[in-house]
1. Could you count how many residues in region 141-159 are within 10 Å of Lys126 (Cα to Cα) and at pLDDT below 85?
2. Filter region 13-65 for residues that are polar (S, T, N, Q) and touching a residue at least 40 places away in the same chain (Cβ under 8 Å) and give the result.
3. Say we look at region 91-105 and pick out the residues that are out of contact with any Cys (no Cβ under 7 Å at 6 or more places or on another chain) and crowded, with 19+ Cβ neighbours inside 10 Å; which of these is nearest to Lys38 (Cα to Cα)?
4. Please state which one of Phe22, Phe48 is modelled with pLDDT of 95 or more and farther than 19 Å from Leu159 by Cβ.
5. Could you tell me whether any residue of region 11-21 is over 16 Å from the mean Cα position of the chain (by Cα) and of a type in the set (Lys, Arg)?
6. Within region 62-116, how many residues turn out to be of a type in the set (Lys, Arg) and farther than 22 Å from Ile3 by Cα?
7. Wholly within region 102-164, which strands (runs of 3 or more DSSP E) include no fewer than the required count, namely at least 3 residues that are free of Cβ contacts under 8 Å to residues at least 40 places away in the same chain and more than 15 Å from the chain's Cα centre (by Cα)?
8. Would you call Leu53 of a type in the set (A, V, I, L, M), farther than 15 Å from Met86 by Cα and touching a Phe, Trp or Tyr at 6+ places or on another chain (Cβ under 6 Å)?
Amino acid sequence: MNIRTATIEDLNILSAVEKECFPANEAATVDTFRERLKYYPDHFWLLFDGDRLVSFVDGFATDERDLTDDMYEDPSMHDEYGSWQMIFGVNTIPEYRNKGCAGRLIRHVISEADKQARDGVVLTCKKELVPYYSRFGFVSEGVTLKTLHGGVTWYQMRLTFKAV
């Protein structure tokens with residue numbers, strides 16, 4: 001398996017995997033991915049098994065400390081020199097779940113963000129995934145009201161590299 005960043009040519013496979021992984025009210029659309037890929041293709045990390053995309057993580061960098069709804073919709077908010085790496089989605093197709101694919105990508109994103117001298121990584125997740133992300137060093141900040149994405153309750157989690 002290998003990891004690489006995305007290009008616009010990955011648009012359709014990213015969209016297909018997203019549809020497999022998230023309910024319609026939470027999934028990013030093809031148009032959303034097209035816009036994201038214009039602004040931050042190097043912040044999409046794709047895991048392939050041969051030629052097959054099996055998992056990916058995406059999100060942009062920003063100086064904003066908290067993940068908000070408008071970040072999902074406005075990729076122009078990306079700041080390549082931002083202090084925080086946001087994670088908007090962790091996607092693994094069903095037949096590759098529980099095989100370490102998402103974990104491999106999460107560790108990779110954490111490593112990349114650290115190399116890029118960011119303050120840390122921020123994500124939101126559903127309550128049942130809080131223990132999973134805690135294993136990577138993320139700390140739950142509790143329920144966030146800054147994102148109501150998909151009409152779901154989200155918990156914000158933060159991994160901080162240094163005192164900020």
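The values are calculated or read from the model by the stated rules, or taken from the named source; none is laboratory data. Just so it is clear, the model here is predicted, and its values are computed rather than measured. Counting neighbours? That spans all protein chains shown, and the Cβs are built from the backbone with ideal geometry, glycine included.
1. The initial filter retains those residues of region 141-159 that are within 10 Å of Lys126 (Cα to Cα), namely 143, 152-156.
Now narrow it down to the ones that are at pLDDT below 85: 152.
Total meeting the criteria: 1.
2. At the first step, the residues of region 13-65 found to be polar (S, T, N, Q) are 15, 25, 29, 32, 55, 62.
Answer for region 13-65, where residues must be polar (S, T, N, Q) and touching a residue at least 40 places away in the same chain (Cβ under 8 Å): Asn25, Thr32, Ser55.
3. Filtering first and then ranking leaves Leu105.
4. Numbers: Phe22 fails: modelled with pLDDT of 95 or more.
Answer to the selection: Phe48.
5. No, that holds for no residue.
6. In the first step, residues of region 62-116 are kept if they are of a type in the set (Lys, Arg); the result is 65, 97, 99, 104, 107, 115.
Keeping just the survivors that are farther than 22 Å from Ile3 by Cα gives 65.
Total meeting the criteria: 1.
7. Where strands (runs of 3 or more DSSP E) fall fully within region 102-164 and carry at least 3 residues being free of Cβ contacts under 8 Å to residues at least 40 places away in the same chain and more than 15 Å from the chain's Cα centre (by Cα), they are 139-144.
8. Values: of a type in the set (A, V, I, L, M): yes; farther than 15 Å from Met86 by Cα: yes; touching a Phe, Trp or Tyr at 6+ places or on another chain (Cβ under 6 Å): no.
It is false that Leu53 is of a type in the set (A, V, I, L, M), farther than 15 Å from Met86 by Cα and touching a Phe, Trp or Tyr at 6+ places or on another chain (Cβ under 6 Å).
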